[in-house]
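Structure, as structure tokens:
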Amino acid sequence: MENKIVQPVITAESLTKKFGHFTATDAITFQVKKGEIFGFLGANGAGKTTAIRMLCGLLMPTSGNASVAGFDVFTQTEEIKKNIGYMSQKFSLYEDLTVKENIRFYGGIYGLSNSGLKEKTEILLSKLKLKNEARHLVKSLPLGWKQKLAFSVALIHEPAIVFLDEPTGGVDPITRRQFWEMIYEAAYCGTTVFVTTHYMDEAEYCDRVSIMVSGKIAVMGTPDALKKGFSVKTMNEVFLKLAR
Amino acid sequence: MFAFIHFVKKETYHIFRDKRTLLILFGMPVVMIILFGYAIRNDIGRSDLAVVDEAHDAYSAKLIAEINASAYFDVVKVLPNEASIDNSFRKEEEKIVLIIPPHFGQHLFQPQTGKAQVRIVADASDPNLATSLTNYATAIINTFQGHISTISQPPLAIIQDVRMLYNPEMKSVYEFVPGLMALILMLVSAMMTAITITREKETGTMEVLLASPLPPALIILGKITPYILLSFINALLILGFGNFLFHVPVHGSLILLLAESVLFILTALSLGILISTVAVNQQTAMMISLGGLLMPTVVLSGFIFPLSSMPVALQWLANFIPAKWFIIILRDIMLKGNGWGYVWKETMVLLIMTLFFILLSIKRFKIRLS
């Protein structure tokens, strides 16, 4: 991490979202650097999704400050949306469209030109080894392939940052492994990856993680530093200690 | 603009790959128009009639022959006496019986009185049908009376000449086609848009769309554009069926008629969008569309039940049903041949309703996002 270019692409200062009397995210402060894989962990209902939605310009924060790719989350959401990719918790492709149609649709709404679309589609299909399935409906693909396709589609417009909200839910270990290889590749090419996950073994793959407990960031740091701090061997144990 | 075309393309794929959507879009209108056109009718064709002839004279025979010769009745049976009517009605063999009492002809030509009686007995378990049948029967008997009185003496008579304007043959299909058009366009456009938008919310793709640079208004517009086209095709389909199958005329301007249809389609689509901002999933959207649109449109639009015979409160409520205004416009243009000068008020009502629904949807849509 030390040898990467140190330049924050996401900053949040006391970022807060309240729904009525309920505070979903409570004054979270953090920075994510360019090309970093930032793991955003926490139990269900800890406020991860709310935080992601604020950073993606889907949700207006109640108070605090944040900027994504140099744009303000209060006033420049349109600029933010052009510079990010987003993969939601739920499967984000259209099941009744073919692989190719999905790629072309998402490329199209991000403003890719016709020739750009053609080129991108070719690259994606060969990279994912889906050339023979290009004309198959997405619903006929196995879940692991769908998730990999969804990730590639989220990157189709080459965004500076990609937000992944529990991308590997319900996927088998081998596909998860392949999925993380794709994440590494994206990060290597300079894309910042902001990822939430339930799987603590995946937390080990991140450059840096933060763990949220009831709306607040409880701890933040490299997986090694956190394990040392709690004098445990795995991230799972770190998580369990925090939960207690 | 390029992104918009991609959106419309994607939406078209959705429609043509979902058999259920296609069935509702094109199956429902065809089934409904055939059902309403052929099966559900207020006008009655030839009906069966039985007689109890206790007179057995020349005049009773003449009367029976006259009824049989009319366009409305077939005299199918001669019952022995009045007591047997009940049994015959219960077996649903006929709905109306004419009783001619003894000495019918004799009473008719008695020098002083000159009066004879007949009795009509109808099965009123279906009151509308019974009323129509007795009306037809009375009319025939009146004519018969006219015929025989010219034989005996010149009568003093007021001859009534009743004309039914715009629908001289009182065909109920003339009434159904405008009503059906309103009903189908309302249902198809509103329900389908509500369902298609909530489906994106349900599957989670709406979130991804909102995280893209596409403005929300463009997302909605992209989703409804194919439905505007399909609903318009539907309108043409209904008009075509009405014209070729049932000879429902279009006396007024076809262009005005189609323009008004497009306006009504937009009203329905904006209602659909509004429903989608309230409903969380497709099922709720469907329930709201069916319960909140189908029933009021059928009952309160004047489609089947005349508004003028409803309680004042319901008549007032009917003003908020878009279909009511559209049906008035359609009847004006199709049956009366009226032009813009007669329908502009109703058009304004529809226009204001549409704008109101759109503004309300935009407001609700924003609330959901913040």
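In the stretch B:283-305, the residue that is farthest from the chain's Cα centre (by Cα) out of those that are without any contact (Cβ under 8 Å) to a residue 60 or more places away in the chain and more than 20 Å from B:Val349 (Cα to Cα) is B:Gln283.
Looking at the stretch B:252-370, the helices (runs of 4 or more DSSP H) lying wholly inside it that each contain 1 or more residues that are of a type in the set (Phe, Trp, Tyr) and more than 23 Å from B:Ile224 (Cβ to Cβ) sit at B:312-318, B:340-369. If the condition is being farther than 18 Å from A:Lys33 by Cα, at the interface with chain B (Cβ under 8 Å from one of its Cβ atoms) and out of contact with any Gly (no Cβ under 7 Å at 6 or more places or on another chain), then the stretch A:65-85 contributes A:Glu78, A:Lys82.
Looking only at the stretch A:151-169, count how many residues are under 21 Å from A:Ala51 (Cα atoms), assigned to a helix (DSSP H, G or I) and within 11 Å of another protein chain (Cβ to nearest Cβ). Number satisfying all stated conditions: 1.
Under the condition of being among the polar types (S, T, N, Q), surrounded by fewer than 21 Cβ atoms within 10 Å (Cβ to Cβ) and within 11 Å of chain B (Cβ to nearest Cβ), the residues counted in the stretch A:100-122 number 2.
Can you name every residue in the stretch B:28-82 that is of a type in the set (Asp, Glu) and within 30 Å of B:Leu237 (Cβ to Cβ)? Answer for the stretch B:28-82, where residues must be of a type in the set (Asp, Glu) and within 30 Å of B:Leu237 (Cβ to Cβ): just B:Asp43.
A quick yes/no check of all residues on (1) in contact with a Phe, Trp or Tyr (Cβ under 6 Å, 6 or more places away or on another chain); (2) within 14 Å of chain A (Cβ to nearest Cβ); (3) small (Gly, Ala, Ser):
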| site | (1), (2), (3) |
| --- | --- |
| B:Phe26 | no, no, no |
| B:Ala39 | no, no, yes |
| B:Leu63 | yes, no, no |
| B:Ile85 | no, no, no |
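For A:Ser92, the conditions (1) surrounded by fewer than 21 Cβ atoms within 10 Å (Cβ to Cβ); (2) within 14 Å of chain B (Cβ to nearest Cβ); (3) closer than 26 Å to A:Tyr205 by Cα are fulfilled apart from (1). As a summary of the residue check, A:Leu125 satisfies the conditions (1) closer than 30 Å to B:Arg20 by Cα; (2) surrounded by fewer than 22 Cβ atoms within 10 Å (Cβ to Cβ); (3) more than 11 Å from chain B (Cβ to nearest Cβ); (4) at pLDDT 90 or above except for the one numbered (1).
Cβ-Cβ distances below 7 Å connect the following pairs, each with a first residue in the stretch B:119-134 that is outside any helix (DSSP H, G or I), a second residue that is of a type in the set (Ser, Thr, Tyr), and a separation of six or more residues or different chains: B:Ile120/B:Thr134; B:Ala122/B:Thr134.
Note on the stretch B:190-199: residues that are surrounded by 23 or more Cβ atoms within 10 Å (Cβ to Cβ) and more than 28 Å from the chain's Cα centre (by Cα) amount to 2.
Applying the criterion of being more than 9 Å from chain A (Cβ to nearest Cβ) and in contact with a Pro (Cβ under 7 Å, 6 or more places away or on another chain) to the residues of the stretch B:200-243, the residue that is surrounded by the fewest Cβ atoms within 10 Å (Cβ to Cβ) is B:Leu237.
The values are calculated or read from the model by the stated rules, or taken from the named source; none is laboratory data. Quantities reported herein were computed from a predicted structural model and do not represent experimental measurements. We place every Cβ from the backbone using ideal geometry, glycine too, and count neighbours over all the protein chains shown.
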